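To start, the structure under review is shown below, and the notes come after it.
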Amino acid sequence: MTTTDGAARRFDAVLFDFSGTLCDDGAVLTPAGVRAQAAARGVELDEARAGRLIETLLATVDSPEGLAAREGCDRSARQHHAVWTRLMTSAADGFQPGVAPETLAESAYACLTDPGSWPAYPDTVEVLTGLHGAGLRLGVVSNIGWDVRPTFDRIGVGKLIGSYALSCEQGAVKPEPELFERACAELGVPPGRTLFVGDDPVKDGAAARLGMAVYLLPTPRRPDRPRGLRAVLALTAADR
């Protein structure tokens, strides 16, 4: 854990990153998910073909050129949708004769943003519930292109979250300070009494500049294994 002064202190709030911290980002686009979204748009894909489509799309959106095009697109939902679907449309061009590449792109994007596509780690609900029960205020601070509230409602903890500071709603992205400041203001807790939990030393670690303590999770992660979030229970209980 990183602190600005190295001293133990009381926490009144805990802020969490979303992707890779509370919910897994390793396999959001799945053949089953893309097939379902394509079927809703009148396009039939078998599992193998859906898998190949995902590989084709990711090769473009995760390429150096794709990453450059996506830079900053989380600042608005409209921009995020436009950038991602443009990249995926170009990748899907000619993939399936007789099917518009735009339809395939929209199907994949709908899967990406579907609340059911983001599985919570096995320790997510337990830790959020435990922290809330201990009287701590909770918030989510995320660079994201869509509303993630339905994901938390789906896993039954939406009402525990007192602040959602989302880049697509605020027009700011981590490591800029605005999202961190917004979350603290909404929770009514100063940064010095707030713990931030994330997985990115640059984007999430920037919370330390505002005086927050920062706990960084290890990089390796799997959706079927605890994320290491139980340590947050110990960290927040140590000074209470």
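The values are calculated or read from the model by the stated rules, or taken from the named source; none is laboratory data. Note that the structure is a prediction, hence the values are computed from the model and not measured. Neighbour counts run over all protein chains shown; Cβ positions are idealised from the backbone, glycine included.
Results, tabulated for the structure shown:
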quantity	calculated
The range 209-229, residues that are surrounded by 13 or more Cβ atoms within 10 Å (Cβ to Cβ) and either farther than 24 Å from R182 by Cα or of a type outside the set (A, V, I, L, M, F, W, C) (or both)	R209, G211, Y215, R221, P223, P226, R227, G228
Qualifying residue in the range 169-183 (condition: over 17 Å from the mean Cα position of the chain (by Cα), at pLDDT 95 or above and within 20 Å of R10 (Cα to Cα))	yes
Filter result (crowded, with 21+ Cβ neighbours inside 10 Å, among the β-branched types (V, I, T) and either at pLDDT below 95 or in a loop (DSSP other than H, G, I, E, B) (or both)) within the range 1-54	T21
Residue list for the range 111-142, restricted to those being over 24 Å from E181 (Cα atoms) and of a type in the set (D, E, K, R)	D114, D123, E126
Residue under evaluation A77, criteria (1) under 21 Å from P223 (Cβ atoms); (2) touching a Cys at 6+ places or on another chain (Cβ under 7 Å); (3) of a type outside the set (D, E, K, R), criterion not met	(1)
Which listed residue is surrounded by 23 or more Cβ atoms within 10 Å (Cβ to Cβ), assigned by TED's automatic domain parsing to the domain that holds L229 and part of a helix (DSSP H, G or I), from L128, L104	L128
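Each row is one residue, and each column tells you yes or no for (1) in the same structural domain as T124 (by TED's automatic domain parsing); (2) part of a loop (DSSP other than H, G, I, E, B); (3) under 22 Å from G26 (Cα atoms).
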| residue | (1), (2), (3) |
| --- | --- |
| G145 | yes, yes, yes |
| K159 | yes, no, no |
| C168 | yes, no, yes |
| E176 | yes, yes, no |
| L179 | yes, no, no |
| E186 | yes, no, no |
| K203 | yes, yes, yes |
| A206 | yes, no, no |
| D224 | yes, yes, yes |
